1. Springs between alpha-carbon pairs under 10 angstrom, Gaussian network model over the chain: which of GLY34, GLY55, GLY11 fluctuates most?
2. With each run of n ≥ 4 DSSP H residues scored as -39500 (n - 2.57), what mean residue ellipticity at 222 nm is computed for the chain after dividing by its residue count and rounding to the nearest 500 deg cm²/dmol?
3. I'd like the FRET efficiency for VAL73 and VAL45, computed as 1/(1 + (r/R0)^6) with the beta carbon distance as r and R0 of 30 Å, rounded to 0.05.
4. Given [x] 68; [y] 32; [z] 62, which label gives percent of Cα pairs over 22 Å apart as computed from the coordinates?
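Just so it is clear, none of the values below were taken in a lab; they were calculated from the coordinates. Bear in mind the structure is a predicted one, so any value in this text is a computation, not a measurement. Cβ placement follows ideal geometry from the backbone for every residue including glycine, while neighbour counts extend to all protein chains displayed.
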Amino acid sequence: AAMFGIVIVAGYLLFAMQKTLFGPFEVETDYEVGPAAFHDVAPLVVLILLVVLLGVDPNIFYGMIQDAVGPVVDAAGGGA
């Protein structure tokens with residue numbers, strides 16, 4: 001049963017890839033793209049700020065997960 005599912009999924013992926021990559025190219029340029037709305041930009045800004053903040057000081061996040069990460073790091077032979 002699992003092998004049948006794998007064959008079906010592989011066939012679908014090959015079909016989708018063929019239609020996506022090698023299908024006819026149709027350009028629809030009869031519309032204009034305006035500036036992004038606030039509700040589209042706000043999550044991106046939050047994620048960028050979070051990535052920068054954690055990149056500058058990762059201990060902010062590590063302090064919250066230290067109890068869970070500590071044993072894993074010790075078991076892997078790492079740590080300082």
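1. Looking only at GLY34, GLY55, GLY11, the largest GNM fluctuation is found for GLY11.
2. On the way: 3 runs with 57 residues, N = 80.
The per-residue figure over the chain is -24500 deg cm²/dmol.
3. Numbers: r = 32 Å, r/R0 = 1.08.
The formula returns an efficiency of 0.40 here.
4. Read-out from the structure maps to [x].
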